[in-house]
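The values are calculated or read from the model by the stated rules, or taken from the named source; none is laboratory data. Because the structure is a prediction, the values reported are computed rather than measured. No Cβ is skipped: glycine too gets one built from the backbone with ideal geometry, and neighbour counts run over all protein chains shown. All accessible areas refer to the heavy atoms of the entire protein, side chains included, with ligands and DNA or RNA removed. Shrake-Rupley method; radii C 1.70, N 1.55, O 1.52, S 1.80 Å.
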Amino acid sequence: MDALRHVRLMADYNRWTNRQLYAALSPLSPAALAADTGDQFGSILAGLSRQSADDARWLQRFGSSGHFERLTAADDWLVAAALLHESVSTDLGELTALRDRIDALITGWCADLIFKDLDRVLVYRNPTGLPQQHQLGPLLSHFFNHQTHLRGQISTLLHQAGVQPGPSELIGMPGFDPFSPLERDTAPDDQAHPTQTLPQSRSSIQAC
(Lines give C-alpha, C1' and ligand atoms only; values in the text may rest on other atoms or scores of the structure.)
Protein backbone atom coordinates (compact mmCIF):
# COMPACT_ATOMS: atom_id res chain seq x y z
CA MET A 1 0.00 0.00 0.00
CA ASP A 2 1.43 3.38 -0.95
CA ALA A 3 1.45 6.40 1.37
CA LEU A 4 -1.51 8.17 -0.24
CA ARG A 5 -3.74 5.11 -0.05
CA HIS A 6 -2.81 4.74 3.60
CA VAL A 7 -3.67 8.38 4.35
CA ARG A 8 -7.05 8.00 2.64
CA LEU A 9 -7.71 4.73 4.47
CA MET A 10 -7.05 6.43 7.80
CA ALA A 11 -9.32 9.34 6.86
CA ASP A 12 -12.11 6.88 6.04
CA TYR A 13 -11.46 5.01 9.26
CA ASN A 14 -11.61 8.18 11.31
CA ARG A 15 -14.98 9.05 9.81
CA TRP A 16 -16.39 5.54 10.23
CA THR A 17 -15.28 5.03 13.82
CA ASN A 18 -16.46 8.50 14.88
CA ARG A 19 -19.91 7.61 13.59
CA GLN A 20 -19.81 4.42 15.67
CA LEU A 21 -18.79 6.44 18.71
CA TYR A 22 -21.52 9.05 18.33
CA ALA A 23 -24.18 6.42 17.60
CA ALA A 24 -23.34 4.79 20.94
CA LEU A 25 -24.25 7.98 22.82
CA SER A 26 -27.99 7.68 22.24
CA PRO A 27 -28.80 5.81 25.50
CA LEU A 28 -27.21 8.55 27.60
CA SER A 29 -29.29 11.40 29.00
CA PRO A 30 -28.12 15.03 28.77
CA ALA A 31 -27.29 14.84 32.47
CA ALA A 32 -25.14 11.74 31.96
CA LEU A 33 -23.31 13.37 29.04
CA ALA A 34 -22.53 16.43 31.15
CA ALA A 35 -21.79 14.56 34.40
CA ASP A 36 -18.36 15.01 36.01
CA THR A 37 -16.14 12.11 34.95
CA GLY A 38 -13.19 13.01 37.15
CA ASP A 39 -10.72 12.80 34.27
CA GLN A 40 -8.79 15.39 32.28
CA PHE A 41 -11.85 16.21 30.18
CA GLY A 42 -14.38 16.59 32.98
CA SER A 43 -17.34 15.08 31.10
CA ILE A 44 -18.18 13.08 28.00
CA LEU A 45 -19.37 16.27 26.24
CA ALA A 46 -16.08 17.94 27.11
CA GLY A 47 -14.17 15.02 25.64
CA LEU A 48 -16.17 15.21 22.41
CA SER A 49 -15.64 18.97 22.28
CA ARG A 50 -11.89 18.54 22.78
CA GLN A 51 -11.75 15.90 20.03
CA SER A 52 -13.33 18.22 17.45
CA ALA A 53 -11.31 21.22 18.63
CA ASP A 54 -8.01 19.36 18.25
CA ASP A 55 -8.90 18.24 14.73
CA ALA A 56 -9.94 21.78 13.80
CA ARG A 57 -6.63 23.17 15.07
CA TRP A 58 -4.62 20.69 13.03
CA LEU A 59 -6.66 21.37 9.90
CA GLN A 60 -6.01 25.08 10.38
CA ARG A 61 -2.28 24.36 10.60
CA PHE A 62 -2.37 22.22 7.48
CA GLY A 63 -4.27 24.96 5.65
CA SER A 64 -1.97 27.75 6.82
CA SER A 65 0.57 26.80 4.13
CA GLY A 66 -1.81 28.20 1.51
CA HIS A 67 -1.40 25.10 -0.67
CA PHE A 68 -4.75 23.50 0.11
CA GLU A 69 -7.74 25.45 -1.15
CA ARG A 70 -10.28 23.15 0.48
CA LEU A 71 -8.83 23.85 3.93
CA THR A 72 -8.39 27.57 3.31
CA ALA A 73 -12.06 27.85 2.34
CA ALA A 74 -13.06 26.21 5.65
CA ASP A 75 -10.89 28.43 7.85
CA ASP A 76 -13.74 30.60 9.20
CA TRP A 77 -15.74 27.76 10.68
CA LEU A 78 -12.62 25.86 11.75
CA VAL A 79 -11.66 28.85 13.90
CA ALA A 80 -15.00 28.59 15.70
CA ALA A 81 -14.61 24.82 16.10
CA ALA A 82 -11.13 25.22 17.60
CA LEU A 83 -12.63 27.38 20.37
CA LEU A 84 -14.34 24.27 21.76
CA HIS A 85 -11.00 23.50 23.37
CA GLU A 86 -11.84 26.16 25.96
CA SER A 87 -15.64 26.39 25.67
CA VAL A 88 -17.42 23.05 25.94
CA SER A 89 -20.54 22.53 23.84
CA THR A 90 -23.57 21.29 25.78
CA ASP A 91 -25.54 20.47 22.63
CA LEU A 92 -24.96 16.91 21.41
CA GLY A 93 -26.81 17.58 18.15
CA GLU A 94 -24.53 20.53 17.46
CA LEU A 95 -21.45 18.45 18.23
CA THR A 96 -22.65 15.61 16.01
CA ALA A 97 -23.20 17.95 13.06
CA LEU A 98 -19.78 19.53 13.60
CA ARG A 99 -18.12 16.13 13.83
CA ASP A 100 -19.70 15.09 10.51
CA ARG A 101 -18.59 18.36 8.91
CA ILE A 102 -15.00 18.00 10.10
CA ASP A 103 -14.79 14.37 9.00
CA ALA A 104 -16.20 15.21 5.56
CA LEU A 105 -13.53 17.91 5.25
CA ILE A 106 -10.78 15.49 6.26
CA THR A 107 -11.81 12.77 3.80
CA GLY A 108 -12.31 15.28 0.98
CA TRP A 109 -8.95 16.94 1.58
CA CYS A 110 -7.10 13.64 1.80
CA ALA A 111 -8.69 12.58 -1.49
CA ASP A 112 -7.27 15.76 -3.05
CA LEU A 113 -3.70 15.13 -1.92
CA ILE A 114 -0.97 14.11 -4.34
CA PHE A 115 2.34 12.48 -3.50
CA LYS A 116 4.42 15.67 -3.48
CA ASP A 117 2.05 17.18 -0.90
CA LEU A 118 3.26 14.64 1.65
CA ASP A 119 6.78 16.08 1.36
CA ARG A 120 5.70 19.68 1.93
CA VAL A 121 7.26 21.19 5.05
CA LEU A 122 4.85 22.78 7.48
CA VAL A 123 6.13 25.46 9.85
CA TYR A 124 3.92 26.27 12.84
CA ARG A 125 3.93 26.84 16.60
CA ASN A 126 2.74 24.28 19.09
CA PRO A 127 0.34 25.18 21.95
CA THR A 128 3.24 26.36 24.11
CA GLY A 129 4.48 28.70 21.38
CA LEU A 130 7.54 26.69 20.34
CA PRO A 131 8.26 26.76 16.58
CA GLN A 132 7.89 23.42 14.80
CA GLN A 133 8.88 22.22 11.33
CA HIS A 134 7.78 18.86 9.91
CA GLN A 135 6.80 17.27 6.63
CA LEU A 136 3.08 16.83 6.06
CA GLY A 137 3.32 13.03 5.67
CA PRO A 138 4.65 12.34 9.19
CA LEU A 139 2.31 15.01 10.61
CA LEU A 140 -0.68 13.20 9.13
CA SER A 141 0.48 10.02 10.86
CA HIS A 142 0.51 11.97 14.14
CA PHE A 143 -2.87 13.52 13.33
CA PHE A 144 -4.60 10.18 12.84
CA ASN A 145 -2.80 8.59 15.79
CA HIS A 146 -3.90 11.45 18.06
CA GLN A 147 -7.50 10.94 16.94
CA THR A 148 -7.30 7.28 17.94
CA HIS A 149 -5.81 8.26 21.31
CA LEU A 150 -8.67 10.66 22.11
CA ARG A 151 -11.33 8.20 20.94
CA GLY A 152 -9.83 5.61 23.27
CA GLN A 153 -10.12 7.99 26.20
CA ILE A 154 -13.73 8.86 25.32
CA SER A 155 -14.56 5.16 24.85
CA THR A 156 -13.29 4.52 28.37
CA LEU A 157 -15.72 7.15 29.68
CA LEU A 158 -18.56 5.44 27.82
CA HIS A 159 -17.64 2.07 29.33
CA GLN A 160 -17.66 3.67 32.77
CA ALA A 161 -21.13 5.04 32.02
CA GLY A 162 -22.32 1.53 31.11
CA VAL A 163 -22.36 2.05 27.34
CA GLN A 164 -20.60 -0.02 24.70
CA PRO A 165 -18.88 2.40 22.27
CA GLY A 166 -19.36 0.18 19.23
CA PRO A 167 -16.86 -1.44 16.86
CA SER A 168 -13.60 0.40 16.32
CA GLU A 169 -11.17 -2.14 14.88
CA LEU A 170 -9.68 -0.90 11.61
CA ILE A 171 -9.82 -4.39 10.13
CA GLY A 172 -13.58 -4.46 10.79
CA MET A 173 -14.32 -1.31 8.79
CA PRO A 174 -16.39 -1.96 5.63
CA GLY A 175 -14.10 -1.61 2.63
CA PHE A 176 -10.95 -2.05 4.73
CA ASP A 177 -9.41 -4.52 2.29
CA PRO A 178 -10.44 -4.94 -1.37
CA PHE A 179 -9.58 -8.64 -1.32
CA SER A 180 -12.35 -11.14 -0.59
CA PRO A 181 -11.88 -13.17 2.59
CA LEU A 182 -10.61 -16.71 2.18
CA GLU A 183 -12.96 -19.62 2.61
CA ARG A 184 -12.48 -21.34 5.94
CA ASP A 185 -11.16 -24.54 4.37
CA THR A 186 -8.58 -22.71 2.26
CA ALA A 187 -7.23 -20.42 4.96
CA PRO A 188 -3.76 -21.40 6.20
CA ASP A 189 -3.46 -22.89 9.66
CA ASP A 190 -1.27 -20.76 11.91
CA GLN A 191 -0.19 -23.87 13.77
CA ALA A 192 1.03 -25.45 10.54
CA HIS A 193 3.35 -22.53 9.93
CA PRO A 194 4.80 -21.52 13.30
CA THR A 195 6.56 -18.19 13.42
CA GLN A 196 10.31 -18.61 13.29
CA THR A 197 12.48 -16.46 15.47
CA LEU A 198 15.68 -15.44 13.75
CA PRO A 199 18.82 -15.31 15.85
CA GLN A 200 20.20 -11.87 16.57
CA SER A 201 23.76 -10.96 17.26
CA ARG A 202 24.63 -9.17 20.47
CA SER A 203 25.56 -6.03 18.53
CA SER A 204 22.21 -5.88 16.69
CA ILE A 205 20.24 -6.25 19.93
CA GLN A 206 22.21 -3.48 21.62
CA ALA A 207 21.62 -1.17 18.68
CA CYS A 208 17.83 -1.45 18.83
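Here are the numbers for this structure:
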item: Estimated 222 nm signal from helices in the chain, with DSSP H stretches of n ≥ 4 weighted -39500 (n - 2.57), rounded to 500; result: -17000 deg cm²/dmol
item: 1.4 Å probe accessible area per residue over segment 16-140, in Å²; result: 49 Å²
item: Dipole magnitude of segment 76-171, debye to nearest 20 (Cβ charges: Lys/Arg +1, Asp/Glu -1, about Cα centre); result: 260 debye
item: Relative contact order, percent, the chain [alpha-carbon distance under 8 Å, six or more residues apart]; result: 27 percent
item: Translational diffusion coefficient (Stokes-Einstein; Kirkwood radius from C-alpha pairs) of segment 1-114 at 37 °C, 0.692 mPa s, in µm²/s; result: 220 µm²/s
item: W77 accessible area, 1.4 Å probe, all protein chains in place, Å² to nearest 10; result: 50 Å²
item: Residues with amide H under 5 Å from that of L122, placed H, sequence gap 5 or more; result: H134, Q135, L136
item: F41, F115, ranked by accessible area, largest first (probe 1.4 Å); result: F115, F41
item: Largest-first ordering by accessible area, 1.4 Å probe, given options I171, I102, I114; result: I171, I114, I102
item: Cα-based convex hull, segment 65-131, per residue volume (Å³, whole number); result: 99 Å³
item: Of all accessible heavy-atom area on the chain, the percent that carbon and sulfur account for (1.4 Å); result: 53 percent
item: Tail fraction, Cα-Cα pairs, the chain, threshold 30 Å, whole percent; result: 36 percent
item: Positive-pole candidate from T72, Y124, Q135, dipole of segment 1-139, charges at beta carbon; result: Q135
item: Counted charge near R125, where neighbours are those whose Cβ lies closer than 14 Å (Asp, Glu -1; Lys, Arg +1); result: +2
item: Rel. contact order, % - alpha carbon contacts under 8 angstrom, at least six apart, segment 1-105; result: 28 percent
